[in-house]
1. Search the stretch 77-92 for residues being part of a strand (DSSP E or B) and modelled with pLDDT of 80 or more, and hand back the single one that is farthest from Thr136 (Cα to Cα).
2. For the stretch 96-113, how many residues are crowded, with 16+ Cβ neighbours inside 10 Å and either in a strand (DSSP E or B) or not aromatic (Phe, Trp, Tyr) (or both)?
3. For the stretch 50-96, how many residues meet the condition of being without any contact (Cβ under 8 Å) to a residue 60 or more places away in the chain, hydrophobic (A, V, I, L, M, F, W, C) and over 19 Å from Gly123 (Cβ atoms)?
4. For the stretch 97-110, which residues satisfy the criterion of being within 15 Å of Gln75 (Cβ to Cβ) and not aromatic (Phe, Trp, Tyr)?
5. Among Pro33, Pro65, which is within 30 Å of Glu140 (Cα to Cα) and either modelled with pLDDT under 80 or of a type outside the set (Asp, Glu) (or both)?
6. Can you find a residue in the stretch 18-30 that is at pLDDT below 90, closer than 26 Å to Ile130 by Cβ and in a loop (DSSP other than H, G, I, E, B)?
7. Quickly run through the stretch 114-124 and pick out the residues that are closer than 14 Å to Val57 by Cα and surrounded by fewer than 17 Cβ atoms within 10 Å (Cβ to Cβ).
8. What number goes with the only condition from (1) over 20 Å from the mean Cα position of the chain (by Cα); (2) at pLDDT below 90 that Asn102 does not pass?
Amino acid sequence: MKGNIKIFGIIALSAVIVFSMTACPNDTTSPPPEPKYFITVTGIPATYNGMDGILLVFPPGSTDPKAYTAWSLRQKIKVEGNSYTFPLYNNASSDPWAGSGNYFLNILIYQNSTTPPTVMSSGKNTPISITGTNTTIAWEALH
């Protein structure tokens, strides 16, 4: 009888382990959807090649640094021919962004995880017109 109880206990414990493993969701992180809009920045100094960068798109008149409309996700900037193309995603959902109009841009470039980022901005007085799926701006337009 004691042997049957041990066997039953082992079977019950095995069943709990199996059910708990099958109840866990798969840890699959899917890549973000393909973006529809891009901003290409030309004339980027080669010194920024290989650093992490983020492009933020702010609506006109925004004074809240967290109120950006779209962003590029943080990614390695690989400057090729002194330019880089940032894909744009919605801030709230990370779905592809498809806005148009006049916006202010900030580019944050991180040299490493401990140094504050270099910030390049179109400034609050110089909106950038985003009218199509790929807008090109010159690095010199940012300060």
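The values are calculated or read from the model by the stated rules, or taken from the named source; none is laboratory data. No experiment lies behind these values; they were computed from the predicted model shown. With ideal geometry, Cβ positions are generated from the backbone for all residues, glycine too; neighbour counts draw on all protein chains shown.
1. In the first step, residues of the stretch 77-92 are kept if they are part of a strand (DSSP E or B); the result is 80, 83-87, 89-90.
Still in the running and modelled with pLDDT of 80 or more: 83-87, 89-90.
Values: Ser83: 10, Tyr84: 10, Thr85: 9, Phe86: 10, Pro87: 12, Tyr89: 17, Asn90: 19 Å.
Per the criteria, the residue is Asn90.
2. 9
3. Looking only at that region, the number is 5.
4. If the condition is that a residue be within 15 Å of Gln75 (Cβ to Cβ) and not aromatic (Phe, Trp, Tyr), then Ile107, Leu108, Ile109 are the ones that fit.
5. Pro65
6. In the first step, residues of the stretch 18-30 are kept if they are at pLDDT below 90; the result is 18-30.
Subsequent filtering for residues that are closer than 26 Å to Ile130 by Cβ retains none.
Looking for residues that are at pLDDT below 90, closer than 26 Å to Ile130 by Cβ and in a loop (DSSP other than H, G, I, E, B), one finds none in the stretch 18-30, hence no.
7. Hits for the stretch 114-124 are Val119, Ser121, Gly123, Lys124.
8. Every condition holds for Asn102 apart from (2).
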